[in-house]
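The values are calculated or read from the model by the stated rules, or taken from the named source; none is laboratory data. Keep in mind that what you see is a predicted model, and the values were worked out from it rather than measured. Glycine gets a Cβ as well: all are built from the backbone with ideal geometry, and neighbour counts include every protein chain shown. Just so you know, the surface numbers come from the protein's heavy atoms only, side chains and all, with ligands and any DNA or RNA stripped out. Shrake-Rupley method; radii C 1.70, N 1.55, O 1.52, S 1.80 Å.
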Protein chains: 2
Amino acid sequence: MLIQNIRYMAVDEDGKWKVQSGDMLIQDNVIRNIGNFSFDESVEKLDGKGMLAMPGLINGHQHTPMSLLRCYSDDVPLMTWLNEKMLPLEMRMNDEDRYWGALLSMAEMIKSGTTAYADMYIGMDMVAEAALTSGIRAVIGRGLIAMDDNVEGRLREASDVVDRWHGKGNGRLTTMIAPHSPYMCPPEFLKAAVNLSEAKQVPLHIHLAETKDEERMILEKYKVRPIEYLHQAGVFERPVLLAHGVHFNEEDYNVLKSMRGGIIHNPVSNAKLGCGISDVKKLSERGIKVGLGTDGPASASSLDLFFEMKAASWFQKLKYEDASVLSAHDVLTMATQNGADILGIGEETGSLTIGKKADVILMDMNKLHLTPGHETANLLVYAATGQDVDTVIIDGKVVMRGRELKTIDEEKVMANAKERTKQLLERL
Amino acid sequence: MLIQNIRYMAVDEDGKWKVQSGDMLIQDNVIRNIGNFSFDESVEKLDGKGMLAMPGLINGHQHTPMSLLRCYSDDVPLMTWLNEKMLPLEMRMNDEDRYWGALLSMAEMIKSGTTAYADMYIGMDMVAEAALTSGIRAVIGRGLIAMDDNVEGRLREASDVVDRWHGKGNGRLTTMIAPHSPYMCPPEFLKAAVNLSEAKQVPLHIHLAETKDEERMILEKYKVRPIEYLHQAGVFERPVLLAHGVHFNEEDYNVLKSMRGGIIHNPVSNAKLGCGISDVKKLSERGIKVGLGTDGPASASSLDLFFEMKAASWFQKLKYEDASVLSAHDVLTMATQNGADILGIGEETGSLTIGKKADVILMDMNKLHLTPGHETANLLVYAATGQDVDTVIIDGKVVMRGRELKTIDEEKVMANAKERTKQLLERL
């Protein structure tokens, strides 16, 4: 496929995003050429005029089936939300529910410009099936919680997810081992998960330092801070995706600075649940990579990463009372290459680079709210929304064109999600 | 016009928003009936099926012509932004620039569900003309800055705006006297503005307590805090719209609690410029009315009040580290009735009430990101965006239907805004 006459976002050597123009050649699932080149072979053409191409966004932390619980409970404290509102419904979800919830999430993610994402949940076969159907790039892991005695069974499920799905969908599916959190995983269980990650040679995905309660709990129970708890279990000997990372002190930063992987900042979820603001400035200054995620749809409410980009910048500026902190350029990098790196797929995706997989979105910039159009990076972060995405290409395949999904029947997924939710509530 | 089979948002006695259903009858420019009633006369019918009606949103603080400077300068400190980036261009704007800038802002506001707004700028004749063209409800005031010796001339312009435009457009246009801020208005000038507000019997509109620098400056120059400075000039003897209100102490709250009017909170602008978070919780607890605004498009970047609703709730939850603060219900009230009250038009608009002017928006809720649809107030605030608005009715007139503007040629306003901006930059 040859995308002609397109403006596209490239990153220069000092990390600034700039607009360039030319053509983009996609063959098989790879960006073969971009810029000004001649190409005479007969291929499918796509007119990029008026559009702006950018790398697809990376949502680094998600629980896709929870879309069925979107806006079921808001404005309540985290523990009430989790224990009284979410868990009773999550416990009653079946595979069908999880499939349609996951597909609804993926449809929404694609429609708002997300081309790759990381998922931690239960029933990951359903999530994998939905990912294969939707065409999205997914990094999945069975969420591991030591709440019952069946520790072996849980680890086996996590191992099965890797064996069954890693590399599937032309390599679109990869896997992680996903122990839930310090407070849901006792030391031996966490160590077993680390060992499994080593044995399977896939990274870890874990919640960390989301709330002050977590810190208090772990300090009380194990006499160490959450990050030291992970350190002692060997987590940092493996590449690891740390979700949240709100509450750190200087010692914590010292542990983190040599980590492989990075931190997925979920600003909206952290705000909505009153958790706090991750110190992106400090993390970045210490060389720790930070990406962006929405967290599950039941906390964030929306899966539009354009909201998360705005929120990330706004929150950091508020935290430091300084408008120059976390520029639009930095935020764009967080939402693309940084996320890809942390998901372990940074060689394949995260930028419009010759040789990388073709994960590309085309933005329709001919909009009132994007006019007159001074600084493009600023417009993308501060003014655009996911609804300005016109076309989405993942792994070289057009999965949305003119805002019409090609892999998913929107009406069907909405109808099924509503029906599954209705039945789920009746089981409560 | 009879809108049939519509679901609509009503407020019950304890301030909670709930969904009701029925028909809505609009005659002339007024909501004549709503709910379940029979009406047999032959009138224009509009099918509301699948839509959700709610009162149009109120943007309480704007500088519409600044849309030409959207994303021209972001991520820089406020004083650099204002003095080095904004002012040199603003000084070079002419009437044509202001007209197209204002019209671009209004088009964007209508397209994202705003039906009424307040404007403080210069060249208000152009803004008024654009308001008449667009069909929006506008409360305009000539921004008064004592930067030259022509104080009398400035006050006369402010007075002329009232005489010329108040009540025009079938009452859609009303006016305010708009001294810019404590730091731009010396005592005698501010007092003259207060007197003019009294003489013309229109409210005041002024920036207050936006930055710590302002507080420092006023304390240094006049030995009182900004709010006391206003108090001494007689500002609080008049109904007043205070924009921002970020930096208050307990004494300030005591001055404010008997005020008429209220505070327009501009969360996104305040975040982007690193100013801080207005204490909406405390203000509300003290009985001070708080509405929402975007501030000018050059700071907020977007005029979508759905962003401001999200930001208001997120910021307050972060400020208090408490998820229960500033619920979706409270935010909806801020963005509608509170805003209308503060703009001095609360008897006419701000809710779907029989006898009020028909300022109504219809939301298309059949969207992936609004599925499955548990709590409607939560969906509207946390998941919806201005792009989910399908139909906008202002003063009984359909100004947008199926996302197509009826009063403004979108392509023309974008083309003109771009051309004016190009020429403006060339004059720099």
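Could you say which residue among A:Val381, A:Val360 is surrounded by 24 or more Cβ atoms within 10 Å (Cβ to Cβ) and within 12 Å of chain B (Cβ to nearest Cβ)?
Selected residue: A:Val381, the only one of A:Val381, A:Val360 that is surrounded by 24 or more Cβ atoms within 10 Å (Cβ to Cβ) and within 12 Å of chain B (Cβ to nearest Cβ).
Quick check, is A:Gly291 in contact with an Asp or Glu (Cβ under 9 Å, 6 or more places away or on another chain) and in a strand (DSSP E or B)?
Yes, satisfied.
Does B:Thr391 count as in contact with a Lys or Arg (Cβ under 8 Å, 6 or more places away or on another chain), touching a residue at least 40 places away in the same chain (Cβ under 8 Å), away from chain A (no Cβ under 11 Å) and under 25 Å from B:Gly101 (Cβ atoms)?
The answer is no for B:Thr391.
Restricting to region A:163-178, name every residue that is open to solvent by 10 Å² or more (accessible area, probe 1.4 Å) and more than 17 Å from A:Tyr99 (Cβ to Cβ).
The answer is A:Asp163, A:His166, A:Gly167, A:Asn170, A:Gly171, A:Arg172, A:Thr174.
Out of curiosity, is B:Ser105 open to solvent by less than 10 Å² (accessible area, probe 1.4 Å) and either in contact with a Cys (Cβ under 7 Å, 6 or more places away or on another chain) or in a loop (DSSP other than H, G, I, E, B) (or both)?
no
What number of residues within region A:362-420 are farther than 30 Å from B:Glu419 by Cα and of a type in the set (S, T, N, Q)?
2
Conditions: (1) within 26 Å of B:Gly386 (Cβ to Cβ); (2) at pLDDT below 95. A:Leu428 meets all but one. Number of the miss?
That leaves (1) as the condition not met.
Out of region A:237-256, which residues are open to solvent by 30 Å² or more (accessible area, probe 1.4 Å), over 22 Å from A:Asn195 (Cβ atoms) and charged (D, E, K, R)?
A:Glu250, A:Glu251
Those residues that are part of a loop (DSSP other than H, G, I, E, B) and buried (at least 17 other Cβ atoms within 10 Å of the Cβ), I need them from region A:220-236; list them, please.
A:Arg225, A:Ala233, listed by residue number.
Restricting attention to region B:268-288, report how many residues are in a helix (DSSP H, G or I) and closer than 22 Å to B:Glu251 by Cα.
Count: 6.
When region A:257-278 is examined, which residues are found to be among the hydrophobic types (A, V, I, L, M, F, W, C), surrounded by 24 or more Cβ atoms within 10 Å (Cβ to Cβ) and either within 14 Å of chain B (Cβ to nearest Cβ) or out of contact with any helix residue (DSSP H, G or I) (no Cβ under 7 Å at 6 or more places or on another chain) (or both)?
A:Val268, A:Ala271, A:Leu273, A:Cys275
Can you name every residue in region B:124-157 that is within 20 Å of B:Lys168 (Cβ to Cβ) and open to solvent by 20 Å² or more (accessible area, probe 1.4 Å)?
Correct list: B:Asp125, B:Met126, B:Glu129, B:Leu132, B:Thr133, B:Arg142, B:Arg156, B:Glu157.
With farther than 29 Å from B:Met334 by Cβ, in contact with a Gly (Cβ under 8 Å, 6 or more places away or on another chain) and either without any contact (Cβ under 8 Å) to a residue 24 or more places away in the chain or assigned to a helix (DSSP H, G or I) (or both) as the only criterion, which of B:Lys422, B:Lys418 stands out?
Testing whether each residue is farther than 29 Å from B:Met334 by Cβ, in contact with a Gly (Cβ under 8 Å, 6 or more places away or on another chain) and either without any contact (Cβ under 8 Å) to a residue 24 or more places away in the chain or assigned to a helix (DSSP H, G or I) (or both) leaves just B:Lys418.
Restricting to region B:22-48, name every residue that is open to solvent by 70 Å² or more (accessible area, probe 1.4 Å), in contact (Cβ under 8 Å) with a residue 12 or more places away in the chain and farther than 22 Å from B:Thr349 by Cβ.
If the condition is that a residue be open to solvent by 70 Å² or more (accessible area, probe 1.4 Å), in contact (Cβ under 8 Å) with a residue 12 or more places away in the chain and farther than 22 Å from B:Thr349 by Cβ, then B:Asn36, B:Lys45, B:Asp47 are the ones that fit.
Write out, first by first residue and then by second, each pair whose Cβ atoms fall under 7 Å of each other, whose residues are 6+ apart or on separate chains, and whose first residue, in region B:80-91, is farther than 14 Å from B:Leu425 by Cα while the second is among the hydroxyl-bearing types (Ser, Thr, Tyr) and open to solvent by less than 30 Å² (accessible area, probe 1.4 Å).
B:Trp81/B:Ser73
Restricting to region B:49-74, name every residue that is in a strand (DSSP E or B) and open to solvent by less than 10 Å² (accessible area, probe 1.4 Å).
If the condition is that a residue be in a strand (DSSP E or B) and open to solvent by less than 10 Å² (accessible area, probe 1.4 Å), then B:Leu52, B:Ala53, B:Met54, B:Pro55, B:Leu57, B:Ile58, B:Asn59, B:Gly60, B:His61, B:Gln62 are the ones that fit.
In contact with a His (Cβ under 8 Å, 6 or more places away or on another chain) and touching a residue at least 24 places away in the same chain (Cβ under 8 Å): which single residue out of B:His166, B:His180 fits that description?
Sole residue among the options that is in contact with a His (Cβ under 8 Å, 6 or more places away or on another chain) and touching a residue at least 24 places away in the same chain (Cβ under 8 Å): B:His180.
In region B:290-319, which residues are more than 7 Å from every other protein chain (Cβ to nearest Cβ), without any contact (Cβ under 8 Å) to a residue 60 or more places away in the chain and touching a Lys or Arg at 6+ places or on another chain (Cβ under 8 Å)?
Selection gives B:Ala300, B:Gln316, B:Lys319.
Would you check which residues across region A:200-217 are open to solvent by 80 Å² or more (accessible area, probe 1.4 Å) and either of a type in the set (Ser, Thr, Tyr) or touching a residue at least 40 places away in the same chain (Cβ under 8 Å) (or both) and list them?
Hit for region A:200-217 is A:Lys212, nothing else.
Given the criterion away from chain B (no Cβ under 14 Å) and open to solvent by 10 Å² or more (accessible area, probe 1.4 Å), identify the matching residue among A:Gly339, A:Gly355, A:Gly373, A:Gly350.
Result of the check over A:Gly339, A:Gly355, A:Gly373, A:Gly350: A:Gly355.
Against the definition (within 13 Å of chain A (Cβ to nearest Cβ) and not aliphatic (A, V, I, L, M)), how does B:Asp47 come out, yes or no?
No; evaluated as a whole, the condition is false for this residue.
Among the residues of region B:66-81, count how many are facing another protein chain (nearest Cβ under 7 Å) and at pLDDT 95 or above.
Residues flagged as facing another protein chain (nearest Cβ under 7 Å) and at pLDDT 95 or above within region B:66-81 amount to 6.
Just one of the numbered conditions (1) assigned to a loop (DSSP other than H, G, I, E, B); (2) of a type in the set (A, V, I, L, M, F, W, C); (3) more than 28 Å from A:Arg164 (Cβ to Cβ) is not true of A:Met217; which one?
(1)
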